[in-house]
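Visitor: My questions will all concern the structure given below.
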Amino acid sequence: MSKAQLWKQRIFYGSTDLAGNLIWQIVGLYLLFYYTTVMGISPAFVGTLFFVVRIIDAFDGVVYGFLIDHTHSKYGKARPYFLWFGIPLGILTMLLFFNPSFGGNKIFQLAWISIVYTLFSLVYSGANTPITAILPSLTKDPDERTNLASARMVMTNIGTAIIGAISLPMVAKLGGKDAEKGWMIWGIFIGIAIIVLFLGAFANLREQDVQENRAEDAPEIKGHLSIGESLKGAAKNKPWVTLSLCFILLQTFWVIRMQTAVYYLTYVYRRADLVGAFNGLVIVAVIGNISIPFLSKFMKHRNVMLLSMAVFAVGEIIMDFKSIPFLFAGNIIALIAMGAAFSISFVMIADTVEYARSEMHIDEPGILSSVPMVGAKLGMGFGGLVSGWLLSWGGFQASAKIQGAKALFAIRTSFVWLPLILALSILVILFFFYQLDEDEITSAKAVNTEALDDDEDI
């Protein structure tokens with residue numbers, strides 16, 4: 001590919017996660033607020049709805065991964081899903097913020113909200129699972145895969161920054177004093193953006209037709225397995241199992257940290273006025289994203305993740321020094337480290353897919369690439385549960401401007417120490433149990449390619 005083509009592929013690949021992250025951030029940051037304060041729905045009902053849906057769709061990413069592995073179309077395996085699910089996801093985004101009054105019938109309104117949110121969550125997985133599944137098929141070059149993963153996370157953090165910075169001002173501008181109208185119009189804008197971004201990716205990305213080459217080169221490679229056989233094969237892929245556990249831990253502590261940041265600034269530092277600026281710093285994670293192509297040239301992927309977790313832990317400790325400059329400095333360090341961690345984790349998932357092909361002779365990239373979606377949803381469920389339990393254990397009182405010592409300890413534990421402990425746990429797990437050598441996979445792949453080329457010459 002020419003440089004122009006490479007950059008085109010990186011931009012459109014990154015646009016898929018930009019699209020998904022626009023709505024994921026609105027749901028994570030504002031949907032609870034919208035349902036309870038704008039629509040006047042009971043927080044207990046909303047919390048129960050979120051919990052139940054997390055149970056329903058926690059493993060739908062695995063199902064979509066299986067479907068991707070068994071998809072055959074002229075557009076490839078994963079690419080068609082950007083078309084099939086990108087448009088419905090945009091429409092459901094609009095419907096999340098379009099809630100008829102049903103003539104004041106509360107039961108109908110709650111049923112509508114429950115159905116739309118459940119469908120949204122299921123469709124979201126269908127649009128986002130192929131983002132990771134398509135990566136091994138976009139290029140055979142491991143360095144370019146790293147560049148693509150980095151581009152994806154850069155676009156992700158751009159989406160995060162956009163939603164965090166302008167959603168509330170845009171709602172106020174679009175709706176004036178009518179918040180419900182403002183959210184409805186903003187939802188339409190975001191829904192249209194999601195559809196355009198996914199359609200752009202579908203139109204411009206191309207999967208390499210490597211299946212035929214694999215069949216000639218290694219006829220013993222197994223594909224089109226049943227879901228049971230696919231899961232058994234995944235369970236035997238030790239690097240994938242180890243990485244899956246680490247990814248769930250990564251998502252869990254990240255959700256806990258995000259959810260409790262406002263509590264930490266409001267009650268520990270007593271500076272609620274700094275919440276916006278503090279959360280807006282997420283844009284610095286782009287530094288970590290763009291560092292990955294350079295770091296991976298000098299370090300193995302596992303070691304990049306180890307370094308990221310160690311640096312994140314340092315940032316977390318610095319934030320607890322009870323000083324505003326240290327608070328912001330520690331947050332910047334932690335966010336840069338997380339930018340690198342998320343970027344390299346997607347590269348490592350692609351490594352485990354190649355390991356399955358080269359060492360286990362199994363070609364099921366969809367199932368193996370479902371880790372991020374499963375991890376994100378389990379992390380959101382576990383993270384929300386742990387955060388709530390800790391606040392409840394600490395005796396947190398929402399009506400109190402000053403919290404007791406036990407509540408402050410619970411907040412500090414949620415925001416600083418639990419993420420730090422889980423990050424160090426990931427470091428230990430990877431150091432002792434993740435033994436995949438991506439250089440060996442690349443060498444084996446090169447040998448296979450040479451053999452195939454020789455056969456073609458003959």
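Each reported figure results from applying straightforward, stated rules to the coordinates on display, with no laboratory input. Because the structure is predicted, anything quoted here is derived from the model rather than measured. Every residue, glycine as well, gets a Cβ built from its backbone with ideal geometry; the counts of neighbours run over all protein chains shown.
Visitor: Whose amide H sits under 5 Å from the amide H of residue 362, counting only residues 5 or more places off or on another chain, with H placed in the peptide plane?
Guide: 222, 357
Visitor: Here's something else I'd like to know. So if each residue of separation counts as 0.36 nm, and I subtract the Cα-Cα distance between residue 281 and residue 405, what length gain in nm does that give? Show your work: numbers first, answer last.
Guide: On the way: separation 124, 0.36 × 124 = 44.64 nm, distance 2.84 nm.
Taking 0.36 nm per residue and subtracting the Cα distance, the gain is 41.8 nm.
Visitor: Once you put a point 7 Å from the Cα of residue 32 and another 7 Å from the Cα of residue 241, both along the Cβ direction, what distance in nm separates them?
Guide: For the pair residue 32/residue 241, the computed spacing is 3.5 nm.
Visitor: A further question on this structure: Using the Kirkwood radius built from alpha carbon pairs, what does the Stokes-Einstein equation give as D for the chain at 25 °C and 0.890 mPa s, in µm² per second? Mind showing how you got there, number by number?
Guide: On the way: Rh = 23.0 Å.
So the translational diffusion coefficient is about 107 µm²/s.
Visitor: For the pair residue 232 and residue 173, what calculated FRET efficiency results from E = 1/(1 + (r/R0)^6), where r is the Cβ-Cβ distance and R0 = 41 Å, to the nearest 0.05? The partial results should precede the final answer.
Guide: Details: r = 54 Å, r/R0 = 1.31.
Plugging the Cβ-Cβ distance into 1/(1 + (r/R0)^6) gives 0.15.
Visitor: Is region 1-127 rounded, prolate or oblate when judged by the Cα gyration tensor, a ≥ b ≥ c being the square roots of its eigenvalues, rounded requiring a/c under 1.5 and prolate requiring a/b larger than b/c? Before the final figure, lay out the partial values.
Guide: Values: a/c = 2.62, a/b = 1.98, b/c = 1.32.
Note, shape of region 1-127 comes out prolate.
Visitor: Let me make sure I get this right: for region 294-384, a, b and c are the square roots of the gyration tensor eigenvalues over alpha carbons, sorted descending. Under 1.5 in a/c it's rounded, otherwise prolate if a/b > b/c, else oblate. Which is it?
Guide: Numbers: a/c = 4.07, a/b = 1.84, b/c = 2.22.
Since a/c reaches 1.5 but b/c is at least a/b, the shape of region 294-384 is classed as oblate.
Visitor: In whole angstrom, note down how far apart the Cα centers of region 308-353 and region 113-152 are.
Guide: So the two Cα centres are separated by 23 Å.
Visitor: Give the relative contact order (percent, whole number) for the chain; include only Cα pairs under 8 Å separated by 6+ residues.
Guide: Working: 662 pairs, mean separation 110.9, N = 458.
In percent, rounded to a whole number, it is 24.
Visitor: Work out the FRET efficiency for residue 91 and residue 392 from their Cβ-Cβ distance, taking R0 = 30 Å, and round it to the nearest 0.05.
Guide: Given R0 = 30 Å and the Cβ-Cβ separation, E is 0.20.
Visitor: If you don't mind, another one. Packing-wise, with mean Cβ within 10 Å as the measure, how do 94-106, 328-340, 419-431 rank, highest first?
Guide: On the way: 94-106: 14.9, 328-340: 22.2, 419-431: 19.2.
Ranked from most to least packed, the peptides come out as 328-340, 419-431, 94-106.
Visitor: Right, here's the next one. Mind checking the full-extension length gain between residue 42 and residue 298? Use 0.36 nm per residue of separation minus the Cα-Cα distance, one decimal, nm. If you can, show how the numbers build up before the last one.
Guide: Values: separation 256, 0.36 × 256 = 92.16 nm, distance 5.30 nm.
The residue 42-residue 298 span can extend by a further 86.9 nm.
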